[in-house]
């Protein structure tokens, strides 16, 4: 999801220490795999996103956006991938993708919007990429033309999320991880032609450092967003204070501290039974999911509520980068780059924040972002971008029984887990890649 996963992976870790607090993962269920969709050598798919009836994949090294045709079908072997035809788009290591209603006259049309990680960079994973100093994102609308989001100062775009609720006033928020300045964190861009973008700073906690935003997601069904900050280990709410504005007006709201050592990646959000929002943050640094509640307020910026950190497997080797929810909000899907697996959880508890009933599904090599869409059999099709194998795994996993909830770790248990993982090779932080 974010550029964290472009760093060396922790594949093949030799740690098999099981914590009594962790839930044992079940056997892989190969029969749930509908198809392994090959994108070709050198494609390096990293981002995947689902719209109302479309699924798009971002090929980082291939500099392409692919559409998965008929993504809601439930038969084995019926998926195809086609390259989005947009010769006028600037794609520069498209690291993440979201789906935006792009101002088309065709109601319900889903358009992909991507974040270009290699904007303003030419070393490391960006060596050999096209020279590009300002185009940090791109939108493809077949009724218009390819549109470029361009501004000086937004470097190393790592995450993107789109607001699909406002029709022709829809917009996208893109995280800018490599700016190196505390004066900027995200860009908010409208979908008009040409698009207009504005920069907004993320808060720096007391005693903190320059923010390095990674993942971004729409907050539930609102037109607000959340963004995580790897450098400071926080998640921040972004309020859209003028949803009909061109460009939108973003106000960074309160930030909440994530579990120490999280190294946050992809985010998924859910409107829970109480009308509050539950935010799920993948933590590749700790091998789990940080679960937060956000309580909106009509008269203020809202506040962060209860929190928990939930481990995702029986092993301390887990490196979860991707996280997504089923359309029903009853299942959570988490990818594990180290063990080449997808974990499926039932959500339970009063706030739908407890993880239970873990099922393990197979994926390709080094799975990254995850997306889910309803299928024609009253289930969910899940699509996983496999960075190292150049494939997308399409699955139709069952809804797991709620079972025994995963036991959230205490602060002392998190510190113990962090110390255990520190003795072994683990993903380097995104900050190191930006130097």
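Data overview
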quantity	calculated
Matching residues in the stretch 39-60 - criterion: being over 19 Å from residue 162 (Cα atoms), in a loop (DSSP other than H, G, I, E, B) and touching a strand residue (DSSP E or B) at 6+ places or on another chain (Cβ under 9 Å)	39, 40, 42, 43, 44, 60
Residue identified as farther than 15 Å from residue 35 by Cα, at pLDDT below 90 and assigned to a strand (DSSP E or B) among 376, 356	356
Residues that are surrounded by fewer than 24 Cβ atoms within 10 Å (Cβ to Cβ) and on the phi < 0 side of the Ramachandran plot, drawn from the stretch 373-385	373, 374, 375, 376, 377, 379
Selection status of residue 365, part of a loop (DSSP other than H, G, I, E, B), surrounded by fewer than 24 Cβ atoms within 10 Å (Cβ to Cβ) and at pLDDT 90 or above	yes
Filter pass, residue 23 being touching a strand residue (DSSP E or B) at 6+ places or on another chain (Cβ under 9 Å) and at pLDDT 95 or above	no
One residue from 228, 143, 168 being surrounded by fewer than 17 Cβ atoms within 10 Å (Cβ to Cβ) and either modelled with pLDDT of 90 or more or not in a loop (DSSP other than H, G, I, E, B) (or both)	168
Test: residue in the stretch 209-219 that is buried (at least 24 other Cβ atoms within 10 Å of the Cβ) and at pLDDT below 85	yes
Residue 315 vs. criteria at pLDDT 80 or above, more than 22 Å from residue 257 (Cα to Cα) and either crowded, with 17+ Cβ neighbours inside 10 Å or touching a strand residue (DSSP E or B) at 6+ places or on another chain (Cβ under 7 Å) (or both)	no
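The values are calculated or read from the model by the stated rules, or taken from the named source; none is laboratory data. Just so it is clear, the structure is predicted and the values come from calculations on it, not from any experiment. All Cβ positions, glycine included, derive from the backbone under ideal geometry; neighbour counts span all protein chains shown.
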